[in-house]
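As structure tokens, the structure follows; a few thoughts come after it.
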């Protein structure tokens, strides 16, 4: 069994969310320049919100506070899913399926992490 996380950086869900952010930045670097203040900015903002809210929730003491920040991260996951659909349909950035798969993995890990906290289980480096 893994030991409890001492920092948000120890959380597998945060690590995978951070990698997702990096992939979004790489993807959006190839978007048309006219998208810089619209889809590019929206995708980057929503993606970075996921690990940022995981990090912020990590230090919250109360269960309700932790879960609230993780729920905000979940909302950003859903927002990102939509932006990936738009990018795919506009044929921006090539094959986005691997990025969609990584986002789904983040979503599943986030859901498990939230459920563990709601049950009062001190999750390992989830």
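Every number in this text was worked out from the coordinates using simple rules, so none of it is lab data. Being a predicted model, the structure only gives us computed values, none of them experimental. Here the Cβ is made from the backbone with ideal geometry for all residues, glycine too, and neighbour counts use every protein chain on show.
Take the Cβ atoms of residue 37 and residue 111, set R0 to 25 Å, and the FRET efficiency comes out at 0.15. The fewest-to-most ranking of 66, 59, 115 by surrounding Cβ atoms within 10 Å reads 59, 115, 66.
Rank the residues 86, 77 as a footprinting-exposure proxy: fewest other Cβ atoms within 10 Å of their Cβ go first. Numbers along the way, then the final one.
Values: 86 12, 77 22.
Fewest-to-most Cβ neighbours within 10 Å comes out as 86, 77.
Here each label is just a point 7 Å from Cα along the line to Cβ, and for residue 30 and residue 71 those points are 3.8 nm apart. In terms of other Cβ atoms within 10 Å, 47, 38, 102, 107 run from fewest to most in the order 38, 102, 107, 47.
In this simple spin-label model, placing a label point 7 Å from the Cα along the Cα-to-Cβ direction at both residue 91 and residue 7 gives a separation of 4.5 nm. So how tilted is helix 12-28 from the main axis of the chain? Cα-based, degrees 0 to 90, rounded to 10. Rounded to the nearest ten degrees, it is 10.
Within segment 8-118, the proportion of C-alpha pairs whose separation exceeds 20 Å stands at 37%.
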